[in-house]
1. Could you give the nm distance between label points at Arg656 and Ser193, where each point is 7 Å from its Cα heading toward the beta carbon?
2. Between the helical axis of 550-562 and the dominant principal axis of the chain, each derived from Cα atoms, what acute angle in degrees is found, rounded to the nearest 10?
3. Which FRET efficiency, nearest 0.05, do Asp513 and Ser291 yield, Cβ-Cβ r, R0 51 Å?
4. State, as an integer percentage, the relative contact order of region 567-686 based on alpha-carbon contacts under 8 Å between residues 6 or more apart.
5. In square nanometres and to one decimal, what's the mean projected area of the convex hull around the Cα atoms of region 155-225?
6. If one computes the Cα centroid of region 196-221 and of region 331-379, what distance in Å separates the two points?
7. Taking N as the number of residues in region 606-707, what is its alpha-carbon radius of gyration divided by 2.2 N^0.38 Å?
8. Quick check on the chain: helices-only [θ] at 222 nm, where DSSP H runs of length 4 and up contribute -39,500 (n - 2.57) each and the sum goes over total residues. Nearest 500, please.
Amino acid sequence: MEVRRQIEVSGIVQGVGFRPYVYRLATGRKLAGNIRNTSAGVTIEVQGPREEVQDFVDHLPAEAPPLARITSFIVHEVACNGDTDFRIVHSCTGEEVRTLISPDVAICPDCLRELFDPADRRYRYPFINCTNCGPRFTIVRDIPYDRPSTSMAVFPMCASCQAEYDDPLNRRFHAQPNACWECGPQVGLWDKSGRHIFCRDPIAEAASGLSAGLIVAVKGLGGFHLAADATNKAAVKLLRERKRRVEKPFAIMVPDLQAAQGICEIDVAAQAALESVQRPIVLLPKKPSCSIPKEVAPFNRYLALFLPYTPLHYLLLREGGFRALVMTSGNLSEEPIAIDNQEAVRRLNGLADYFLVHNREILLRCDDSVVRVSGGVTRQMRRSRGFVPVPVFLKDEQPSVLAVGGELKNTICLTKGKHAFLSQHIGDLENAESYGFFGEAIEHLERILEIQPTILAYDLHPDYFSTRWALQQGSRLVGVQHHHAHIASCMAENHLDGRVIGFALDGTGYGTDGHIWGGEVLIAGYNDFKRAAHFEYVPLPGGAAAIREPWRMAVSCLAHHFGRDFLNLEIPFVRQLDKTKTDLVLRMIEQKINSPLTSSCGRLFDAVAALSGIRQQVNYEAQAAIELEMAITASCSDGYPMELAPDGDGWIIGTRPLFEAIVGDLKQDIGVGEISRRFHNGLVATFVRIAGLLRDKSALNRVCLSGGTFHNVYLSQQLEARLTNAGFEVFTHHEVPAGDGGLSLGQAVVAAAAAKRWAFAGYLPALTPRRDK
Ligand SMILES: [Zn+2]
Ligand SMILES: [Zn+2]
Ligand SMILES: [Zn+2]
């Protein structure tokens with residue numbers, strides 16, 4: 001008996017080869033019907049013998065194309081009609097391709113095989129792609145996502161490419177960036193001042209430059225990289241000097257998994273992350289036998305590794321026979337990555353010896369993503385290329401909100417329905433170029449996602465550039481406290497409602513009392529939060545200077561607990577202090593000059609790192625805390641004590657016993673590895689104790705862990721394990737960074753909750769006036 005079914009599929013099912021896939025699945029079973037794109041995804045009607053139709057329905061989600069992401073799949077029974085064949089119906093309502101745009105992903109195995117097949121017409125073509133791979137997000141100018149709206153518009157397809165594009169059974173059916181040697185983009189080689197170098201094979205020339213120890217700027221998918229031979233110590237040093245990057249680790253690209261396994265420890269989860277279509281940079285522990293020079297990642301037990309993801313990368317690595325290439329963002333220190341050829345020559349002037357460019361325009365910059373793998377789980381540290389603009393799927397419908405994020409590692413977030421679209425990594429907004437990119441990213445994402453938010457969420461810090469921008473927009477505004485946003489972000493990602501116990505640990509966030517928070521335990525829901533415990537306040541002598549110079553934090557903490565008497569302590573830290581500078585810092589603290597108070601957990605790490613001799617000054621953000629974690633030695637030990645003093649409804653975490661114990665250990669020449677371990681264990685024990693006290697008081701049993709401090713693998717794993725052992729349900733970040741890169745998601749859901757309360761109360765706050773910038 002014939003039956004007919006209608007199937008509504010939502011999620012990422014457009015522009016990813018879904019229609020030809022369904023077409024093949026249906027025609028292979030000789031079923032009739034059709035498929036069309038709708039505003040929510042695709043609708044399929046399929047008709048034929050009952051068993052065949054059921055088989056089709058069973059196979060459909062399981063064998064979907066690699067880039068498809070199905071979020072809902074609903075089957076209805078409908079009446080049969082006279083259909084005799086299966087057709088792809090082109091929508092003329094303008095609804096087509098108005099849903100989710102897929103991210104840029106790595107070259108697929110089929111294209112890779114063709115790339116190195118001398119018989120293929122795209123042999124060694126650096127822009128080979130198909131519906132299963134290649135650029136998307138970074139080449140989209142506008143919607144709908146089809147060729148005229150992309151930077152491929154200037155490359156009319158040749159007859160062969162057009163035939164592939166039009167054939168539903170071809171892997172390149174409606175692959176918008178489809179191209180070949182004859183009709184598509186081409187690479188070129190420029191010298192350091194941007195003059196074209198005539199040569200037969202620009203990639204081979206660039207590879208020989210790299211082999212000779214030179215620095216080559218390589219145009220990629222979301223921006224330029226600066227490349228150098230990672231096995232050549234002198235080349236790595238040269239790149240550090242030119243980029244003014246003293247010690248911050250460089251990411252390295254290795255040709256394949258085998259090469260990665262030769263230098264780092266790689267478990268199953270790490271392998272999956274490395275080989276995933278997103279191809280993020282993965283932080284991996286170095287093997288003892290690792291042959292990569294230490295200059296690539298000084299004082300670090302980890303290497304930042306990734307595999308090639310564009311055809312151009314494969315050609316370059318293979319051409320030069322490189323075992324590893326440093327591939328670092330094409331920028332000067334913290335500026336945004338360069339994307340345009342002329343811009344690259346201007347901004348990377350003096351950094352690169354050659355420019356390997358191409359003429360396919362990058363419309364929106366998108367840095368490499370960074371993940372770490374711990375306990376078999378992949379966690380985002382920087383969610384960017386390969387992941388954006390895939391939304392974070394939320395539990396409930398949300399009003400449209402724009403959340404503008406924080407100051408450092410900025411991202412923005414737009415919500416629509418059950419989707420939260422986090423932007424790519426934008427960077428540190430105190431940098432003028434990044435601030436410009438911030439504005440561009442908001443405009444571009446609002447356009448391609450078709451979201452016109454009327455509610456705007458921002459951080460309470462009055463000096464953040466994102467906050468100042470928000471206050472000028474003429475919108476309905478919701479200010480969200482920094483650590484409340486962190487916990488809300490973790491709740492949203494984990495589809496939690498109600499209230500939780502939240503540990504929000506990071507370096508800096510503006511508190512509701514005007515002090516700098518950062519070691520916070522909250523009782524929080526989307527609607528509000530209560531500060532239940534925090535580290536005791538200590539002065540931050542010199543503000544930002546204290547962040548760059550951890551020794552100031554150690555002096556501040558010692559002076560706070562022991563007064564100027566600490567100067568008589570017989571420990572190495574005190575002996576090596578510069579008397580004049582120390583006296584200046586002490587006077588700043590005593591006279592309360594430029595010494596804001598802070599409860600920051602990150603600054604506590606800084607103080608302990610300086611005190612134990614690990615690092616007195618940092619060259620990049622969180623360096624002291626990272627090196628303190630790296631110093632942990634494996635022996636078992638107890639944690640340092642901390643005390644809990646009742647404070648109103650909650651507690652203040654006193655650190656005096658901690659510093660007394662560290663000073664005691666230093667006097668006895670206890671090694672830094674042991675001190676670091678005791679410090680970490682002390683934090684874990686204290687947090688578990690606080691969680692227990694809060695559970696007794698509030699009956700809450702769910703704990704959320706958020707904030708940049710949770711990028712610390714040891715602390716995260718120990719705390720999660722100990723809390724779980726104590727019977728808590730523990731929720732952490734996976735898809736969204738724990739640090740400030742995930743802040744905008746939390747801001748968005750807190751603002752959405754406020755908007756729902758307004759709607760419930762039948763009240764709408766006035767728009768704030770729009771001000772000229
Ligand atoms: Zn492909
Ligand atoms: Zn062609
Ligand atoms: Zn933060």
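Computed from the coordinates by the stated procedures, all read-outs in this text should not be read as laboratory data. These numbers were taken from a predicted model, which means no experiment stands behind them. All Cβ positions, even for glycine, are placed from backbone atoms using ideal geometry, and neighbour counts span all protein chains on display.
1. 6.8 nm
2. 40 degrees
3. The computed FRET efficiency comes out at 0.45.
4. Averaging sequence separation for qualifying contacts and normalising by length gives 25 percent for region 567-686.
5. Across all orientations, region 155-225 yields a mean hull projection of 6.4 nm².
6. Value for the Cα centre distance between the two parts: 16 Å.
7. 1.20
8. Numbers: 23 runs with 253 residues, N = 773.
After summing the helix terms and dividing by residue count, I get -10000 deg cm²/dmol.
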